[in-house]
Amino acid sequence: MDAATIPVPNILRYTLDTNKLFKEVRHYNLIEGEEILSNKLNISINRGFSKAKYTYSVKKWLGIKWSKQITGLFPTHEPNIYFGDTCNRRNFLLMRFENNGTTLKVYYFKNYYPSNKTQLINKIKE
């Protein structure tokens, strides 16, 4: 994959909402970037009720309640970096937990899903 073929992602930055802390769920508030996904995200661990192999589940805030799951986050070979997608692999997401999970950086690739995620992850790390 040539670097020229990788589109520029929208970068969203979220911070952990510490008003309510739960054992298996974290809420994040948008502090920087466009409100592409939502102004709030709900990230919970996969409790194993299905055969899905994702690590975390992501929901977005609909204004009065949380949505159904919009994507699962799958682990990568890099610590604290997970990937997912929206709209049946139309939009690719890379999520990086920073500062011990207190901030979340989301790389949102609209209308792009890579065939080789490793090269894309290495490019993001630079």
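Give the lysines whose C-alpha is closer than 20 Å to that of residue 51, dropping any in the same chain fewer than 8 places away, or say none.
Straight-line reach from residue 51, under 20 Å: 59, 68.
So, by mean Cβ neighbours within 10 angstrom, what's the order for 74-80, 103-109 with the highest one leading? Walk me through the numbers before you get to the answer.
Values: 74-80: 13.4, 103-109: 19.4.
Order by mean packing, descending: 103-109, 74-80.
Charges only on Cβ, +1 for Lys and Arg, -1 for Asp and Glu: so what's the dipole of the stretch 8-126 about the Cα centre, in debye to the nearest 20?
With only Lys, Arg, Asp and Glu charged at Cβ, the dipole is about 460 debye.
Using mean Cβ contacts within 10 Å as the protection proxy, how do 15-26, 86-97 order, highest first?
So the peptides 15-26, 86-97, ranked by packing, come out 86-97, 15-26.
How far is it, in nm, from the label point at residue 103 to the one at residue 29 when both lie 7 Å from their Cα along the line to the Cβ?
Label at residue 103, label at residue 29, 1.6 nm between them.
Of all the Cα-Cα pairs you can form in the stretch 1-100, what percent are over 22 Å apart?
Tail of P(r) above 22 Å: 30 percent of Cα pairs.
In whole angstrom, note down how far apart the Cα centers of the stretch 36-62 and the stretch 6-20 are.
Cα centroid of the stretch 36-62 versus Cα centroid of the stretch 6-20: 14 Å apart.
Placing +1 at every Lys and Arg Cβ and -1 at every Asp and Glu Cβ, with all other atoms neutral, what dipole size does the stretch 1-72 have around its Cα centre, in debye to the nearest 20?
The calculation lands at about 580 debye.
Over the stretch 75-124, with every protein chain in place, what whole percent of the accessible area is carbon and sulfur at 1.4 Å, could you tell me?
Exposed carbon and sulfur together represent 40 percent of the surface.
Can you figure out the FRET efficiency of residue 45 with residue 8, using R₀ = 41 Å and their beta-carbon distance, to the nearest 0.05?
0.85
At residue 21 and residue 123, where each label point lies 7 Å from the Cα along Cα→Cβ, what is the point-to-point distance in nanometres?
Rounded to a tenth, the inter-label distance reads 3.7 nm.
The values are calculated or read from the model by the stated rules, or taken from the named source; none is laboratory data. The shown structure was predicted, so the numbers you read here are calculated from the model rather than taken from an experiment. Heads up, the Cβs are rebuilt from the backbone with ideal geometry, glycines too, and the neighbour counts pull from every protein chain shown. SASA here: full protein model, heavy atoms, side chains in, ligands and nucleic acids out. Shrake-Rupley method; radii C 1.70, N 1.55, O 1.52, S 1.80 Å.
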